[in-house]
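Below you'll find the structure, written out as structure tokens, and then a few comments.
Each value in this text was obtained by applying a stated rule to the coordinates, not by laboratory testing. Values in this document were obtained by computation on a predicted structure and should not be read as measured data.
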Amino acid sequence: MAVAAPFTTQKTMSTAAWGWLLLLGALWGISFVFIKVAIAEIQPLTLVFLRTLLAALVLLSVCRVTGVRMPTSFQAWRDYAVLGFFSSSLAFSLIFWAQQFIDASLSSILIAATPFFTVLLAGALLKDERFTSQKILGVIIGFAGVTLVIGPRYLLGLGSNLTAELAVLLAAGAYAIASIWGRRFAGEAPLATATGQITTSAVMLLPMALIFENPLHMDIPSWSVIGAVIALAIFCTALTYLIFFRVLKMAGASNASLVGLVIPAFTMMFAVPLLGEEITLLKIAGMLVVAIGMVVLDGRPLAALRDKLKAN
């Protein structure tokens, strides 16, 4: 996923913007399926490195073709490295490791907690992002949905994959940190920011993969896994960044953030026929409660409802 956009800069959503948003949700949704396929034969750090390396090569090529120039200062690349560590290196590694043990659809629901972590961290750290009763209510509802997915099974002694589930939540927290750090790139070309963070992430992951997983001695993956890695890097990373920033330009940051509402649904849609995963009542209930929390956090549907009631 890209760095979550803050709930600001509201614009009217056109039909075209909705189309791009749904495409973005579908690509990010199916990325969890590709991860599940690839992680069966490639170790997590190696898989993250391959994803970021291929995506970086694509984005660097796009920058060259479109004339977007990357900065050359040490400070700029240091900032990219911090962003890349939290949004790609750390978050991807945690998600990939976790998906060795839990379903793709469950991962997508848990990662949807990112906006709630963002609100908590921003409210604590940023002067212009103070807590409001609406934000607090949205966070409470959102985490209630997460607890619904994890809690009942754990309390009954059935949650054998709690560590993996918590790893995905930690990844959501990493995305939230990246969102706050990413505010410093507001005046920069979005393509440059995306390229910088993915490129630095690939550079960071190379020594980690070599030291801890020694991928040079791994068996050659099957064609299905190779295809999943390529799709994950090109379509679910490089292309999604380009689409995300297009939606951002067309509809604003707040509307772009709505993609988080549809990602789990798309993951379930793909994971059931392709991976044979089951749609459980807890997954559906948790997904719906998380979605309600995001709607409350966004605030616009509630405001529209209040305006309609006043008009009547």
From the phi angles alone, apply the Karplus equation (6.51, -1.76, 1.60; θ = phi - 60°) to the range 16-22 and give each ³J(HN,Hα) in whole Hz, x where the residue is Gly or Pro. 5, 5, 4, x, 5, 5, 5
Return the Rg/Rh ratio of the range 39-96 with Cα-based radii and a Kirkwood Rh. 1.05
From the gyration tensor of the Cα coordinates in the chain, what semi-axes in whole Å does the equivalent ellipsoid have, largest first, with each one equal to sqrt(5λ)? 29, 25, 18
Report, by chain and number, residues whose modeled amide H sits under 5 Å from the one on E188, excluding near sequence neighbours (fewer than 5 apart, same chain). none
What percent of all Cα-Cα pairs in the range 196-281 falls in each 5 Å bin, counting up from 0? 3, 10, 11, 18, 18, 16, 15, 7, 2, 0
By how many nm would the segment from T15 to S224 grow when fully extended, if each residue of separation counts as 0.36 nm and the alpha-carbon distance is taken off? 71.7 nm
Where only C-alpha atoms are counted, convex hull volume of the range 1-140 per residue in Å³: 166
Please report, to two decimal places, log10 I(q)/I(0) for the range 110-212 at q = 0.13 Å⁻¹ as given by the Debye formula with identical point scatterers on the Cα atoms and no solvent. -0.66
